[in-house]
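Below you'll find the structure, written out as structure tokens, and then a few comments.
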Amino acid sequence: MQQRKNALNSDIWSGVIVLVVAGVGWWESRGFSELGGVFVRWVVGALAMLGLALLVKGVVSPEYRRALADRRDLPAVGIVLASLVAYVALVPVVGFVLASSAFASGLAITLLGDRRTFRRSFIASLVGIGVSIGLYVVFQHGFSVPLPRIGLWGIF
Amino acid sequence: MASGAGESDDRHGGMKVEGYVEALATLFMWHNVAFMLLGVMAGVVVGCLPGLTATMGMALLIPFTFTMTPETGLVMLGGLYVGAMYGDAIPAILLNTPGTPSAIATTFDGYPLSRNGQAQHGLVAAAFGSAVGGVIGALLLLTLTAPLARAALAFGPPEYFWMGIFGLTIIATLASGSTLKGMTGGALGLLLSAIGISPIAGDMRFTFGVPAFQGGVELIVALIGFFCVPQVFQMVEERRMRYKLVEYKESPGVVREVIGALVRKPILLLRSAVIGTIVGIIPGAGGNIASLVSYNEAVRWDKEPEKFGKGTVDGVAASEVANNAVAPGAMVPLLSLGIPGSPAAAVILGALLLHGLRPGPGLFTTFGAVTYTFIFAFLFGAIAVFFIGMWGSRYLARWINVPIPLLVPLIMVITVVGSFAIRNNIVDVGAMLLFGVVGYVTMKLGFHPGAIVLGLILGPIIEQGLVQSLLMGAATGSVWGVLFTRPISIVLIALSVVSLAWPLWASYAKRRRDGGGASVRCSSAKTH
């Protein structure tokens with residue numbers, strides 16, 4: 001019972017989300033032509049039925065799942081997600097190398113947590129910067145795949 | 001270059017040999033050999049790192065193959081797949097923690113061997129077993145795929161529609177324990193596949209005004225998002241874990257002793273390889289099922305079943321032969337019919353499409369040389385696994401202790417580069433991130449990201465088959481006749497019903513046995 005207290009009824013949550021997705025799909029598909037919409041309507045119909053089935057299961061025979069094994073991990077997962085969003089937003093602005101170096105080094109140092117020492121942070125920074133430059137060189141010059149750059153010294 | 005090999009199959013037996021020789025010549029070009037070995041070594045490292053999987057490793061590798069020739073890129077991916085299937089045995093033997101679920105059965109005897117001071121015996125048995133499984137699986141792949149692909153020539157739109165439905169019913173088994181969630185995941189994938197311009201009518205669907213979505217969801221972006229990002233979040237949750245490897249010293253006589261013991265058991269090796277290949281061919285089943293079934297059969301047929309579980313090389317070999325035969329086995333439905341039966345096969349499909357190769361009969365005619373080179377990569381990759389595993393396991397195992405705080409940002413940087421590099425479009429990176437978050441949330445709710453991706457892949461096959469069948473029905477005056485009365489369609493419908501009913505029945509039977517009621521799970525779903 002204690003275990004269930006900290007867990008989600010995953011069937012109910014899944015059912016609600018699936019029904020919302022099916023609703024959006026149905027709303028958007030109203031203007032589709034017959035041939036262009038037949039597949040979508042079948043899928044939306046199937047999704048609606050599956051969503052309802054999940055809701056019923058959530059009432060009759062629910063499956064409880066803990067979102068995280070340890071609640072202390074929630075901030076770490078949040079930090080990773082937030083830094084990822086910031087990283088993706090920064091890439092076109094400051095270029096791949098600077099954004100990646102800052103992201104990789106900063107996140108690695110943050111995730112070190114209790115084990116953070118100057119030496120480990122220094123190594124994490126070096127690895128982050130080294131890998132960012134390495135990937136840039138490999139893709140830009142090895143594979144001829146242009147990555148976002150800001151023209152720093154005409155290199156990055 | 002890209003002609004000949006398979007094209008000649010039907011006409012002259014001699015020409016078939018010529019095609020094989022051409023493919024072998026391509027494979028043994030120095031750069032292809034180098035990339036195959038690099039792929040195998042990277043695969044062993046990926047496999048031995050708990051938290052990383054073959055699927056994730058391949059999804060991360062695809063961006064590096066963009067500008068390679070199809071042969072080189074596919075050979076490297078094949079090498080990584082084969083290497084990862086072996087690499088997961090290293091932590092299973094030295095840590096009692098399987099690198100991927102495929103090596104669960106390897107822990108049963110592998111870790112007891114290490115505890116008995118025979119870690120090297122376990123690692124040699126795993127390397128030899130992996131090579132045997134990979135070679136036999138690749139030989140079966142070589143012989144089974146082309147005839148099956150030729151059979152697909154008899155398929156019309158209704159058959160492709162039902163084949164897609166059959167694939168969809170089978171991916172339901174991918175959800176960890178819930179058929180309902182597996183089917184829902186597949187349906188969500190189908191809806192994702194509808195994004196963009198519809199294939200026949202030309203309607204603009206679900207683009208929400210974003211021009212980058214007009215061409216539909218970029219498969220590689222979805223593969224990276226669904227298979228890498230959730231796994232990275234999972235690693236963040238497990239970042240405090242520490243591993244202590246069993247230390248051992250290598251003895252020169254062990255290699256000969258273990259191989260000698262296993263060579264004297266050809267039935268064990270052959271049975272495990274056949275089980276692995278068959279399980280690999282069946283969509284939805286994976287290396288974990290293959291190794292468990294094979295281990296169970298090894299115990300059942302052995303004259304001294306009591307030795308299993310206490311540390312025997314037979315147990316390690318039974319598991320490793322089977323799970324390594326799964327990799328080539330999973331290529332059979334993919335290369336012949338275009339149906340990826342596992343998340344790893346879905347990634348290979350993404351790589352094939354990226355290089356302009358569409359699975360099906362054409363793969364063995366127009367692109368015969370590339371295809372056979374890829375198949376031979378499985379064969380020779382397995383042999384490379386033997387040598388790398390035999391003498392490199394001890395050193396490669398040290399990667400297990402690479403700190404997670406260092407791995408997480410590096411993997412994320414590679415996912416960003418990979419999704420950007422496809423079309424040089426930052427919108428794809430945003431989409432990858434979105435798919436990753438969706439994959440993580442759905443994984444927490446008990447969905448397997450693989451089910452969503454397979455739905456995404458099967459969507460166009462099903463839609464095209466459905467719409468063309470409806471048009472054929474309208475032309476002939478009987479939609480029913482077109483969709484439900486053709487012989488191959490009837491077989492596929494029957495298979496779909498069976499594959500859908502089987503897990504439902506099994507789940508019902510299990511509930512009755514267990515007495516039903518609510519359950520609590522800690523979500524830690526891993527892809528294969």
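The values are calculated or read from the model by the stated rules, or taken from the named source; none is laboratory data. Keep in mind that this is a model prediction, so the values were computed, not measured. Cβ: placed from backbone, ideal geometry, glycine included. Neighbour counts: every protein chain shown. Please note that ligands, DNA and RNA were not included when accessible areas were found on the heavy atoms of the full protein model with its side chains. Shrake-Rupley method; radii C 1.70, N 1.55, O 1.52, S 1.80 Å.
Over the protein assembly as shown, average the accessible area per residue using a 1.4 Å probe and give it in Å², no decimals. Can you show the working numbers first?
Values: 26870 Å² over 684 residues.
In whole numbers, the protein assembly as shown has 39 Å² accessible per residue.
Using the Kirkwood formula over every pair of different C-alpha atoms, what hydrodynamic radius in Å results for the stretch B:77-177?
About 16.3 Å, per the Kirkwood formula over Cα pairs.
Report, in order of residue number, the helices in chain B meeting two criteria: a C-alpha extent of 24 Å or more along the helix axis, and a mean Kyte-Doolittle hydropathy of at least -1.0; treat each whole DSSP H run as one helix.
On the way: long enough: B:30-48 (27 Å, 1.71); B:70-87 (25 Å, 0.83); B:119-151 (47 Å, 1.38); B:219-237 (27 Å, 1.87); B:313-337 (37 Å, 1.02); B:368-396 (38 Å, 1.50); B:404-421 (25 Å, 2.39); B:426-444 (27 Å, 1.63); B:449-476 (40 Å, 1.40); B:487-514 (40 Å, 0.65).
TM-like helix candidates: B:30-48, B:70-87, B:119-151, B:219-237, B:313-337, B:368-396, B:404-421, B:426-444, B:449-476, B:487-514.
Around the Cα centre of chain A, unit charges on the Cβ atoms of Lys, Arg, Asp and Glu (plus for the first two, minus for the last two) sum to a dipole of about 540 debye.
Size of the dipole of the protein assembly as shown about the Cα centre, Lys and Arg at +1 and Asp and Glu at -1 on the beta carbon, nothing else charged, in debye to 20?
Details: 45 positive and 32 negative charges, 384 e Å.
That gives the protein assembly as shown a dipole magnitude of about 1840 debye.
Length, then width, then depth: along the principal axes, the Cα atoms of the stretch B:188-284 run 67, 40, 20 Å. Toward the positive end of the charge dipole of the stretch A:18-156, with +1 on the Cβ of Lys and Arg and -1 on the Cβ of Asp and Glu, the farthest Cα among A:Leu74, A:Leu50, A:Val93 is that of A:Leu74. Think of chain B as a dipole: +1 on every Lys or Arg Cβ, -1 on every Asp or Glu Cβ, centred on the Cα centre; then among B:Leu49, B:Leu352, B:Gly137, B:Leu49 lies furthest on the positive end. With all pairs of different C-alpha atoms in the average, the Kirkwood value for the hydrodynamic radius of the stretch A:70-156 is 13.9 Å. If the Kirkwood radius is taken over C-alpha pairs of the stretch B:228-335, then at 20 °C and 1.002 mPa s the Stokes-Einstein diffusion coefficient equals 134 µm²/s. Magnitude of the charge dipole for chain B, about its Cα centre and with charges confined to Cβ atoms of Lys, Arg (+1) and Asp, Glu (-1), is about 1220 debye.
By the helix-only formula, in which each DSSP H run with n ≥ 4 contributes -39500 (n - 2.57) and the sum is divided by residues, the protein assembly as shown has a 222 nm mean residue ellipticity of -23500 deg cm²/dmol. Rounded to the nearest whole Hz, the Karplus-based 3J(HN,Hα) values (6.51 cos²θ - 1.76 cosθ + 1.60, θ = phi - 60°) of the stretch A:113-125 follow the sequence x, 4, 8, 6, 10, 4, 4, 5, 5, 5, 5, 4, 5, with x at glycine and proline. The mean number of Cβ atoms from other chains found within 10 Å of a Cβ in peptide B:180-193 is 6, as a whole number.
What separates the Cα centres of the stretch B:149-172 and the stretch A:11-58 is a distance of 24 Å.
Distances between placed amide hydrogens fall under 5 Å for B:Arg205 paired with B:Gly196, B:Ile197, B:Ser198, all partners being 5 or more residues away or on another chain.
Normalised by the residues of chain A, what does the relative contact order come to in percent, with Cα pairs under 8 Å and at least six apart? Working shown, then result.
Values: 141 pairs, mean separation 34.1, N = 156.
Worked out over chain A, it gives 22 percent.
Share of chain B's accessible area from carbon and sulfur, percent, 1.4 Å? Here carbon and sulfur together make up 67 percent of the probe-accessible area.
Can I get the semi-axes of the stretch B:443-483's equivalent ellipsoid? Compute them from the C-alpha gyration tensor as square roots of 5 times the eigenvalues, in angstrom, largest first.
In descending order the semi-axes read 33, 9, 5 Å.
Please state the equivalent ellipsoid semi-axes for the stretch A:1-142: what are the square roots of 5 times the Cα gyration tensor eigenvalues, largest first, in whole Å? Numbers along the way, then the final one.
Details: eigenvalues 355, 149, 19 Å².
The answer is 42, 27, 10 Å, longest axis first.
Each label was represented as a point 7 Å from its Cα along the Cα-to-Cβ direction; for B:Glu250 and A:Val20 these points are 5.5 nm apart. Candidates B:Ile339, B:Gly368, B:Ile281 compared by Cα position along the dipole of the stretch B:251-408: farthest toward the positive end lies B:Gly368, with charges placed on Cβ.
Residues whose amide H comes within less than 5 Å of that of B:Ile339, counting only those at least five positions distant or on another chain, are B:Leu334 (H built at 1.01 Å from N in the peptide plane).
Please report the buried accessible area for the interface of B with A, total over both chains, probe 1.4 Å, in Å² to the nearest 100.
Numbers: alone 21780 and 11210 Å², together 26870 Å².
That pair hides around 6100 Å² of surface in total.
Between the beta carbons of A:Val56 and A:Trp27, assuming R0 = 25 Å, the FRET efficiency works out to 0.60 to the nearest 0.05.
Could you work out the percent of alpha carbon pairs in the stretch B:304-445 separated by over 27 Å, rounded to a whole number? Tail of P(r) above 27 Å: 48 percent of Cα pairs. What the Cα convex hull of the stretch B:386-504 gives, in volume per residue, is 248 Å³.
The stretch B:481-498 and the stretch B:394-434 have Cα centres separated by 43 Å. Considering all C-alpha pairs of the stretch B:255-309, those separated by over 15 Å amount to 54%.
Rounded to the nearest Å, what's the spacing between the alpha carbon centres of the stretch B:80-120 and the stretch A:62-141? Just the number, please. Cα centres, the stretch B:80-120 to the stretch A:62-141: 30 Å. Could you work out which residue, out of A:Ser29, A:Ser132, A:Ser101, moves most in a Gaussian network model of chain A, that is, has the largest mean-square fluctuation with Cα springs under 10 Å? The residue with the greatest mean-square fluctuation here is A:Ser29. The peptide list B:378-389, A:53-64, A:109-120, put in order of mean Cβ contacts within 10 Å with the highest first, becomes B:378-389, A:53-64, A:109-120. With the cut-off at 28 Å, tell me which of the pairs B:Lys303/B:Lys510; B:Lys181/B:Lys307; A:Lys57/B:Lys444; B:Lys265/B:Lys310; B:Lys249/B:Lys307 have Cα atoms farther apart than that. As for pairs spanning more than 28 Å Cα to Cα, those are B:Lys303/B:Lys510; B:Lys181/B:Lys307.
Starting with the highest mean, order B:290-302, B:390-402 by the number of other Cβ atoms within 10 Å, averaged over the residues of each peptide. Show your work: numbers first, answer last.
Numbers: B:290-302: 21.4, B:390-402: 16.3.
In descending order of packing, they fall as B:290-302, B:390-402.
Quick check: from the Cα gyration tensor, does the stretch B:150-241 come out rounded (a/c under 1.5), prolate or oblate?
Details: a/c = 2.35, a/b = 1.30, b/c = 1.81.
Here the stretch B:150-241 falls in the oblate category.
Give me the percent of Cα-Cα pairs in chain B that sit more than 42 Å apart, rounded to a whole number. Please list the in-between numbers first.
Values: 21819 of 139128 pairs.
Tail of P(r) above 42 Å: 16 percent of Cα pairs.
Take the alpha-carbon positions of the protein assembly as shown, form their convex hull, and give its projected area averaged over all directions (one quarter of the hull surface) in nm². Present the calculation step by step, with values, prior to reporting the outcome.
On the way: hull surface 126.0 nm².
Mean projected area for the protein assembly as shown: 31.5 nm², to one decimal.
May I ask you to compute the full-extension gain from B:Trp502 to B:Lys303, defined as 0.36 nm times their residue separation minus their alpha-carbon distance, rounded to one decimal in nm? Each step should come with its number before you reach the end.
Working: separation 199, 0.36 × 199 = 71.64 nm, distance 3.32 nm.
Result for the pair: 68.3 nm of gain on full extension.
What order do B:Phe108, B:Phe364 take when sorted by accessible area (1.4 Å probe), most exposed first? If you can, show how the numbers build up before the last one.
Details: B:Phe108 80, B:Phe364 10 Å².
The residues order as B:Phe108, B:Phe364, largest area first.
In the stretch B:391-425, the residues whose accessible area drops by at least 50 square angstrom when the other protein chains are added to the isolated chain are B:Pro405, B:Leu406, B:Pro409, B:Leu410, B:Val413, B:Val416, B:Val417, B:Phe420; the probe is 1.4 Å and only protein heavy atoms count.
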